[in-house]
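The values are calculated or read from the model by the stated rules, or taken from the named source; none is laboratory data. Everything numeric here is computed off the predicted structure, so don't read it as measured data. Backbone-built Cβ (ideal geometry, glycine too); neighbour counts: all protein chains shown. Quick note on the areas: whole protein, heavy atoms, side chains included, nothing else; ligands and nucleic acids left out. Shrake-Rupley method; radii C 1.70, N 1.55, O 1.52, S 1.80 Å.
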Amino acid sequence: MVHLSTSPTARAPRSRRRLALAVPVVLSLTASLGFLPAAASAAPAGSAAETARADRASDAPRLAYVVNTRTDHRTLASVKRAIAEAGGSVVTTYEKIGVIVVHSANPDFATTVRKARGVQSAGATRTAPLTAAGTTDQGAAEMLSAEQAARTARASEAAGAGEPLEADQWDLRAIGADKAAKINPGSSRVTVAVIDTGVDDTHPDLAPNFSAAQSANCVGGKADTSEGAWRPYTADDYHGTHVAGEIAAARNGVGVAGVAPGVKVSSIKVSDPDNGLFYPENVVCAFVFAADHGVEITNNSYYVDPWLYNCMDDPDQRAIVDAVNRAQLYAQRKGTLHLASAGNSNHDLDSDAIVDDSSPDDSTPVTRTVDPHECFDLPTQLPGIVTVSATGVDEEKSYYSSYGKGVVDVAAPGGDARYQIPDTPSKNGRILSTMPDNEYAWLQGTSMAAPHAAGVAALLKSKHRHASPAMLQALLKAQADNPGCPASYDQDGDGAQDATCEGGARVNGFYGFGIVNALRAVR
């Protein structure tokens, strides 16, 4: 199943199952992996012959692998020979970051190729064989009915709101995005790439701001830029379309408005067509594609499958961390800021131990206890990525949102339909946004929080055009409003604390540096 953060039990696809690392952990991770080649381009260098060999691979069950190596041509050539000798077929090669995507039916492939000269890490990116394409179901959304739409439109008109459904968008008002749009709606020179399940760019609220030239389908680890390849497989793959609307739905008198209605949005599809999972090679492709196509900001409302946490003492999981980190650091060096969701498990991501009973999620899960300082949620816990927790209309942490001192960077509206109900026409505590086939629906989760923060980051980038990713992250934190740790967090009223907030009024585990503020960003 797809791990989108749209319900209390699903971790954000990385919609975000994103967790931010404390600085010492980030430095430790960077030092232990330490692999960003200083390169100008990481475009895949897979040849037609390599692709053909992959297509002619054995009918025996195959797995996908990442093989990570140095970036000089001699080493790459040597490693490719070793891959072939070990029974692997090269799908594509990202030469400038030293990541090779491979398919192999040899059960000993990883063990064998790790011994080859020049291989720094190598491992399987899944635990189940590659299968034929199918469809995926991401779960039910709460669709907007015609009756609700009409009632909301009347309320919006009476309130003088610019968009017909804006009266139900409590989230825009919560961060001043409605007022910010009148000052600066964002620049069309800024693009936010939605790395997700695809975006329906034919939706009338998305079409005006969609950038096809910066969109692709990265499933399989190699970018497909053919017309429409970036769109969702079916209407059930709605997650990316919903996220895109939260960021940049146009103020055009139709439906809803986004946080940054003047910026561009693109789609980089990474969800597997058979099971909806976000495999590492797809995400590697997405980060590299975004960087090489001038994307300023990426939104990551998911976690990299099949492991919720990738432990560095496991060679397969270490190789996954290595490959994804190379790609996202490459993008940062090219000027791209990444935002990701914190997850929907109400976990303390700075705790000593977390029980993971969902991994691997592409075969049979095995319950294990992990230390989140040594086993990393990707891309959430990678260095330089902005981790976003979720809040409701009352500015309290949403009941499902994961948290953690030194992990969460900022917070943003993600919805809370259980304990925080807004005084809106539909009285729905979730987030209303775009859906495929010209529809609208409510969803909640840290998947919805990350795009609100990404929208504010896009407004900041519009105002500070030359800001680097690090500077942009600092600006995002500086404009945030921090409610501080609550005196009590007993939302269900049973007398027990449902989560513990650590930290002070400036920085804490629930909100990081605070709830993002679009109005302050444009001022």
Please enumerate the residues belonging to the stretch 456-479 that are open to solvent by less than 10 Å² (accessible area, probe 1.4 Å) and within 13 Å of VAL386 (Cα to Cα). VAL456, ALA457, LEU472, LEU476
Return yes or no: is GLU374 open to solvent by 40 Å² or more (accessible area, probe 1.4 Å) and touching a residue at least 40 places away in the same chain (Cβ under 8 Å)? yes
Starting from the stretch 206-232, take each residue that is free of Cβ contacts under 8 Å to residues at least 60 places away in the same chain and list its partners that are in a helix (DSSP H, G or I), counting only C-beta distances under 6 angstrom and pairs at least six apart or across chains. ASN209/ALA248
Out of (1) over 18 Å from HIS347 (Cβ atoms); (2) in a loop (DSSP other than H, G, I, E, B); (3) open to solvent by 30 Å² or more (accessible area, probe 1.4 Å); (4) free of Cβ contacts under 8 Å to residues at least 40 places away in the same chain, what's the single condition that is false for CYS485? (1)
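Let's see how each residue does on (1) in a helix (DSSP H, G or I); (2) out of contact with any strand residue (DSSP E or B) (no Cβ under 6 Å at 6 or more places or on another chain); (3) under 22 Å from VAL284 (Cα atoms):
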site	(1), (2), (3)
VAL192	no, no, yes
ILE195	no, no, yes
THR202	no, yes, no
PRO208	yes, yes, no
ALA213	yes, yes, yes
TRP230	no, no, yes
ALA244	yes, no, yes
Among the residues of the stretch 233-251, which ones are without any contact (Cβ under 8 Å) to a residue 60 or more places away in the chain and more than 15 Å from the chain's Cα centre (by Cα)? ALA250
Do you know which residues across the stretch 260-292 are aromatic (Phe, Trp, Tyr) and in a helix (DSSP H, G or I)? PHE287, PHE289
From the set of residues in the stretch 455-478 that are part of a helix (DSSP H, G or I) and basic (Lys, Arg), which is nearest to ASN184 (Cα to Cα)? LYS463
Scan SER426, SER401, SER433 and give me the residue that is farther than 29 Å from ALA207 by Cβ and in contact (Cβ under 8 Å) with a residue 40 or more places away in the chain. SER401
Kindly indicate the residue of the stretch 437-454 that is in a loop (DSSP other than H, G, I, E, B) and not charged (D, E, K, R) and also most open to solvent (accessible area, probe 1.4 Å) among those meeting that condition. ASN438
For the stretch 144-166, name all the residues that are at pLDDT 90 or above, of a type in the set (A, V, I, L, M) and assigned to a helix (DSSP H, G or I). ALA146, ALA149, ALA150, ALA153, ALA155, ALA158
In the stretch 398-436, residues that are assigned to a loop (DSSP other than H, G, I, E, B), closer than 22 Å to ALA480 by Cβ and either open to solvent by less than 20 Å² (accessible area, probe 1.4 Å) or touching a Ser or Thr at 6+ places or on another chain (Cβ under 6 Å) (or both) total 14
Residues satisfying the stated conditions in the stretch 317-359, i.e. open to solvent by less than 10 Å² (accessible area, probe 1.4 Å) and more than 24 Å from GLY414 (Cβ to Cβ): GLN317, ALA319, ILE320, VAL321, ASP322, ALA323, ASN325, ARG326, ALA327, TYR330, ALA331
When you check PRO422 against the structure, is it touching an Asp or Glu at 6+ places or on another chain (Cβ under 7 Å) and either modelled with pLDDT of 95 or more or farther than 24 Å from LEU165 by Cβ (or both), yes or no? no
Could you go through the stretch 211-222 and let me know if any residue there is in contact with a helix residue (DSSP H, G or I) (Cβ under 6 Å, 6 or more places away or on another chain) and closer than 30 Å to ARG520 by Cβ. no
